[in-house]
């Protein structure tokens, strides 16, 4: 018997793609949606395909940026110089910003895994995401371009990404808010957040694939895996496009209200279920 149906794969793929980039927490929604609908665990292979779908989305949207950053990083290594070129510096800012989540994720892996089994904590952390979004708006200075960021700025935004290992803390929300605090404009903060997502989403997908050793690979059929991948990729691409356009003229307040509403409702529902 398959773990989930094609319809469930489609819904979970859309949830992953939308909430990975819209600042409302993909990990939190992927805990709450199956829990509220009483769906079975789709399995590691399906989770990995969702991550690869969102990775494909950000790669397809930012392929030119990623190509330039890759070339910049390679040239900086070859010439041992940043040469005052933005693409070289930004590439290293992204790599540096990936370190906090990598270190914290490996160090506290068991702690974060336990949170995924506790919907009430997911609701509480969604409320915390709303607070982060409001704080980002209130503390925003918007006087800095991405290539003007310092190494300290990269670490601070990276720490925001590390917080989002906990389900309910939005990765894009935490990193965009941190970017606003450090002086980036909304659109620049979002673009940097999405580029910063590439190494961490790739790492998460590979990590889940590694865990498949000894697990039943075909607990989800190839059709279900492809459905989840395509749903996450298409919805993720559209979500990136939407959010970048939205942030050119509007702030993060509606997403904060959404996180508070869903977080409080989920917490109360979880308490009532005891």
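The values are calculated or read from the model by the stated rules, or taken from the named source; none is laboratory data. Keep in mind it's a predicted model, so treat the numbers as computed, not measured. Quick reminder, even Gly has a Cβ in these numbers, built from the backbone with ideal geometry, and neighbours come from all protein chains shown.
Residues are listed down the side, and each one gets a yes or a no for (1) free of Cβ contacts under 8 Å to residues at least 40 places away in the same chain; (2) crowded, with 22+ Cβ neighbours inside 10 Å; (3) on the phi > 0 side of the Ramachandran plot:
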| site | (1), (2), (3) |
| --- | --- |
| 110 | yes, no, no |
| 113 | yes, no, no |
| 117 | yes, no, no |
| 131 | no, no, no |
| 135 | no, no, no |
| 139 | no, no, no |
| 148 | yes, no, no |
| 155 | no, no, no |
| 158 | no, yes, no |
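Would you call residue 189 modelled with pLDDT of 85 or more and under 19 Å from residue 241 (Cα atoms)? Working first, answer last.
Working: modelled with pLDDT of 85 or more: yes; under 19 Å from residue 241 (Cα atoms): yes.
So residue 189 passes the test.
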Filtering segment 67-113 down to residues that are in a loop (DSSP other than H, G, I, E, B) and either touching a strand residue (DSSP E or B) at 6+ places or on another chain (Cβ under 7 Å) or more than 22 Å from residue 201 (Cα to Cα) (or both), which residue is modelled with the lowest pLDDT? 83
Look at segment 183-193 and say how many of its residues are part of a helix (DSSP H, G or I) and surrounded by fewer than 24 Cβ atoms within 10 Å (Cβ to Cβ). 4
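Can you tell which of 34, 42 is assigned to a loop (DSSP other than H, G, I, E, B), surrounded by 18 or more Cβ atoms within 10 Å (Cβ to Cβ) and more than 17 Å from the chain's Cα centre (by Cα)? Full working, then the answer.
Values: 34 fails: assigned to a loop (DSSP other than H, G, I, E, B).
Sole residue among the options that is assigned to a loop (DSSP other than H, G, I, E, B), surrounded by 18 or more Cβ atoms within 10 Å (Cβ to Cβ) and more than 17 Å from the chain's Cα centre (by Cα): 42.
Considering only residues of segment 204-218 that are touching a helix residue (DSSP H, G or I) at 6+ places or on another chain (Cβ under 7 Å) and in a helix (DSSP H, G or I), which is modelled with the highest pLDDT? Walk me through how you get there before you give the answer.
Within segment 204-218, the first condition is being touching a helix residue (DSSP H, G or I) at 6+ places or on another chain (Cβ under 7 Å), and the residues that meet it are 204-205, 208-209, 211-212, 215, 217.
Next cut, in a helix (DSSP H, G or I) only: 204-205, 208-209, 217.
Values: 204: 76, 205: 70, 208: 66, 209: 64, 217: 48.
So, considering only residues that are touching a helix residue (DSSP H, G or I) at 6+ places or on another chain (Cβ under 7 Å) and in a helix (DSSP H, G or I), the one modelled with the highest pLDDT is 204.
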Test set (1) surrounded by fewer than 20 Cβ atoms within 10 Å (Cβ to Cβ); (2) free of Cβ contacts under 8 Å to residues at least 24 places away in the same chain; (3) under 18 Å from residue 154 (Cβ atoms) - residue 91 fails condition number: (1)
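Within segment 4-19, identify whether any single residue is modelled with pLDDT of 90 or more, buried (at least 24 other Cβ atoms within 10 Å of the Cβ), within 15 Å of residue 227 (Cβ to Cβ) and more than 17 Å from the chain's Cα centre (by Cα), and answer yes or no.
Yes: segment 4-19 contains one or more residues that are modelled with pLDDT of 90 or more, buried (at least 24 other Cβ atoms within 10 Å of the Cβ), within 15 Å of residue 227 (Cβ to Cβ) and more than 17 Å from the chain's Cα centre (by Cα).
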If only one of 134, 169 is under 24 Å from residue 261 (Cα atoms), part of a loop (DSSP other than H, G, I, E, B) and at pLDDT 95 or above, which one is it? 169
Only one of (1) over 30 Å from residue 262 (Cα atoms); (2) within 21 Å of the chain's Cα centre (by Cα); (3) surrounded by fewer than 20 Cβ atoms within 10 Å (Cβ to Cβ); (4) without any contact (Cβ under 8 Å) to a residue 24 or more places away in the chain fails for residue 77. Which number is that? (2)
